[in-house]
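Engineer: To start, I am sharing the structure in question, which I have written as structure tokens.
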Amino acid sequence: MSYPLTAAQSLRGDVTVPGDKSISHRAVMFGALADADTHITGFLMGEDCLSTISCFKKMGVSIDVSEKEVVVHGVGLHGLKAPDELLYTGNSGTTTRLLCGILAGQPFSSTVNGDASIQKRPMGRIMKPLREMGADISGKDGNLCPLTIHPAPLHGIHYTMPVASAQLKSAILLAGLFADSPTTVVEPAPSRDHTERMLRGLGAQVVSNGTEITLTPPKALHAVNVEVPGDISSAAYFLVAGLILPDSDIVIRNVGINPTRTGILDALEAMGANIERLNERGTVEPICDLRVRSSHLHGTPICGDMIPRLIDEIPVLAVAAAFAEGETVIRDAQELKVKESNRIATMTAELSKTGADVRETEDGMIIRGDKPLHGANFASYADHRVAMSMAVCALACEGDSSIDDPDCVAISYPTFFETLDALKQKGE
Ligand code: S3P
């Protein structure tokens, strides 16, 4: 079903974005392994996080979901039960990879699989270090889902990661919970550190020294309630929309601004964006309100250590670049090829439909912006971030557009289109 997207004059108003996806997943997983109940508020009721809940329920964890909160009745580090059926992870790479780290340390066998996109995504990156730890894990063609895991004793390793991936880092650290000695991972560049922060909050010893992180296997994880901040990856769509549409002024409330996630703010500010951080607060995870106003953007290089800090925002950053004066060169972003879609190829194809000057490169894109763009019929490739990025692009295009599969936004932002409409109405 194709969904109409119309251009907008400007966007104005206040929004609260749904809970952070990465933190929501982890709150359920770590809560399940904790020694008491975990009350989670602000949990993201997106399909990916519901996949995580479903997998833990299949392993005997009782989880109550209400509008107000999610309550995970922790079973302790050694309390998970053998699932009767396959653990289905849907579209979620985070569920798939982090879950395997936990499953590697269990005294039962399990099989993990997800949807068509998950079945194409590389799993060798987690299998290699997990095997070094002693895990018995195998996959289709050696690298793909479905993955089968059998019980095996684990020992700690010292592992230098070939890619800056928080999913890989977290899978190793989670297996490390069940190892007989400490585990150290070394990252090529810092990736999101929610796992480290949350495990520390639950009483585990996790020591970070630059890009080196060491976990000592704990005796237990002590349950701590979690208030999930709004997802900066979801806020990014309104940040870019507010910047590229004239006379826009949006306040996005309660956004997580963990420094390992704020590459999008740094990149947009380097492009000339007017974004204010208001009411900074938060303890385990820093939070603020973001106020964004229309700005004249110019191109900037986006590369190096900044990439893992904005990896999920590159699709919408490419949209910003298409409306910015001059050239934006995105480099070192080859990881985009193995996301929910090949986001270098899919964003280049979709932006090109508007008349934008976009070129795909081996590890990124070159975008020459500030040409008038026209509406088009966009494809989402069942990729939520492509769909939302092109919806933002359509706001500033001349004429009407459409998106082929609007429902895929439910992976991370089920009410995205309603919120966008409300901001449009206030902007008229
Ligand atoms: C995530 C890590 C990132 C990110 C994904 C969520 C996480 O993936 O793209 O959306 O919650 O750990 P990689 O670890 O593959 O970079």
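Engineer: Filter the stretch 75-113 down to residues that are surrounded by 24 or more Cβ atoms within 10 Å (Cβ to Cβ), of a type in the set (Gly, Ala, Ser) and assigned to a loop (DSSP other than H, G, I, E, B) and give me whichever is nearest to the ligand (Cβ to nearest atom).
Structural biologist: Applying the filter and picking the extreme gives Ser92.
Engineer: Here's something else I'd like to know. Say whether the condition of being modelled with pLDDT of 95 or more and under 18 Å from Leu245 (Cβ atoms) is met by at least one residue in the stretch 337-349.
Structural biologist: The answer is no, given that none of the residues of the stretch 337-349 is modelled with pLDDT of 95 or more and under 18 Å from Leu245 (Cβ atoms).
Engineer: Continuing with this model, one more query. What about Ser51, is it closer than 30 Å to Ser248 by Cα, in contact (Cβ under 8 Å) with a residue 40 or more places away in the chain and hydroxyl-bearing (Ser, Thr, Tyr)? Reasoning before the result, please.
Structural biologist: Details: closer than 30 Å to Ser248 by Cα: no; in contact (Cβ under 8 Å) with a residue 40 or more places away in the chain: yes; hydroxyl-bearing (Ser, Thr, Tyr): yes.
Criteria not met by Ser51.
Engineer: Follow-up. For the stretch 240-262, enumerate the residues that are more than 12 Å from Leu423 (Cβ to Cβ) and not in a loop (DSSP other than H, G, I, E, B).
Structural biologist: Val240, Leu243, Ile244, Arg253, Asn254, Val255, Gly256 - these are the residues of the stretch 240-262 that are more than 12 Å from Leu423 (Cβ to Cβ) and not in a loop (DSSP other than H, G, I, E, B).
Engineer: Filter the stretch 408-421 down to residues that are surrounded by 15 or more Cβ atoms within 10 Å (Cβ to Cβ) and in a helix (DSSP H, G or I), then give me how many there are.
Structural biologist: Total meeting the criteria: 8.
Engineer: Pick out the one residue from Gly13, Gly42 that is closer than 30 Å to Asp247 by Cβ and surrounded by fewer than 22 Cβ atoms within 10 Å (Cβ to Cβ).
Structural biologist: Gly13
Engineer: Those residues that are more than 16 Å from the ligand (Cβ to nearest atom) and of a type outside the set (S, T, N, Q), I need them from the stretch 15-31; list them, please.
Structural biologist: Matches in the stretch 15-31: Val15 only.
Engineer: Considering only the stretch 202-210, I want to know if a residue exists there that is at positive phi and surrounded by fewer than 21 Cβ atoms within 10 Å (Cβ to Cβ).
Structural biologist: Yes, the stretch 202-210 has at least one match.
Engineer: Can you tell me which residue within the stretch 188-242, out of those that are farther than 19 Å from Gln167 by Cα and among the charged types (D, E, K, R), is farthest from the chain's Cα centre (by Cα)?
Structural biologist: Lys219
Engineer: Considering only the stretch 357-378, I want to know if a residue exists there that is of a type in the set (S, T, N, Q) and surrounded by 17 or more Cβ atoms within 10 Å (Cβ to Cβ).
Structural biologist: Looking for residues that are of a type in the set (S, T, N, Q) and surrounded by 17 or more Cβ atoms within 10 Å (Cβ to Cβ), one finds none in the stretch 357-378, hence no.
Engineer: Looking only at the stretch 17-33, which residues are outside any helix (DSSP H, G or I) and out of contact with any Leu (no Cβ under 6 Å at 6 or more places or on another chain)?
Structural biologist: Val17, Asp20
Engineer: Exactly one condition in (1) free of Cβ contacts under 8 Å to residues at least 24 places away in the same chain; (2) under 12 Å from Gly93 (Cα atoms); (3) among the acidic types (Asp, Glu) is not met by Asp115; state its number.
Structural biologist: Here Asp115 clears every test but (1).
Engineer: Also: Does the stretch 268-283 include one or more residues that are within 16 Å of the chain's Cα centre (by Cα) and crowded, with 18+ Cβ neighbours inside 10 Å?
Structural biologist: Checked against the condition, which is being within 16 Å of the chain's Cα centre (by Cα) and crowded, with 18+ Cβ neighbours inside 10 Å, the stretch 268-283 yields no hits at all.
Engineer: Out of the stretch 324-345, which residues are surrounded by fewer than 24 Cβ atoms within 10 Å (Cβ to Cβ) and under 24 Å from Ala7 (Cβ atoms)?
Structural biologist: Glu325, Gly326 - these are the residues of the stretch 324-345 that are surrounded by fewer than 24 Cβ atoms within 10 Å (Cβ to Cβ) and under 24 Å from Ala7 (Cβ atoms).
Engineer: Out of (1) surrounded by fewer than 23 Cβ atoms within 10 Å (Cβ to Cβ); (2) in contact with a helix residue (DSSP H, G or I) (Cβ under 6 Å, 6 or more places away or on another chain); (3) not β-branched (Val, Ile, Thr), the odd one out for Ser51 is which?
Structural biologist: Looking at each condition in turn, Ser51 falls short on (1).
Engineer: How do the strands (runs of 3 or more DSSP E) wholly within the stretch 130-237 filter down when requiring 1 or more residues that are touching a Leu at 6+ places or on another chain (Cβ under 9 Å) and more than 16 Å from the ligand (Cβ to nearest atom): which remain?
Structural biologist: By residue number, 136-140, 144-150, 183-186, 205-209.
Engineer: Out of curiosity, is Ser295 within 16 Å of the ligand (Cβ to nearest atom) and not in a helix (DSSP H, G or I)?
Structural biologist: No; evaluated as a whole, the condition is false for this residue.
Engineer: Yes or no: Ile102 without any contact (Cβ under 8 Å) to a residue 60 or more places away in the chain and assigned by TED's automatic domain parsing to the domain that holds Asp35?
Structural biologist: Working: without any contact (Cβ under 8 Å) to a residue 60 or more places away in the chain: no; assigned by TED's automatic domain parsing to the domain that holds Asp35: yes.
Judged against the criteria, Ile102 is not a match.
Engineer: Here are some conditions: (1) touching a residue at least 60 places away in the same chain (Cβ under 8 Å); (2) under 30 Å from Ala220 (Cα atoms); (3) not in a loop (DSSP other than H, G, I, E, B). Met45 meets all but one. Which one does it not meet?
Structural biologist: Going through the list (1) touching a residue at least 60 places away in the same chain (Cβ under 8 Å); (2) under 30 Å from Ala220 (Cα atoms); (3) not in a loop (DSSP other than H, G, I, E, B), Met45 breaks only (3).
The values are calculated or read from the model by the stated rules, or taken from the named source; none is laboratory data. These numbers come from a predicted model, not from an experiment. Counting neighbours? That spans all protein chains shown, and the Cβs are built from the backbone with ideal geometry, glycine included.
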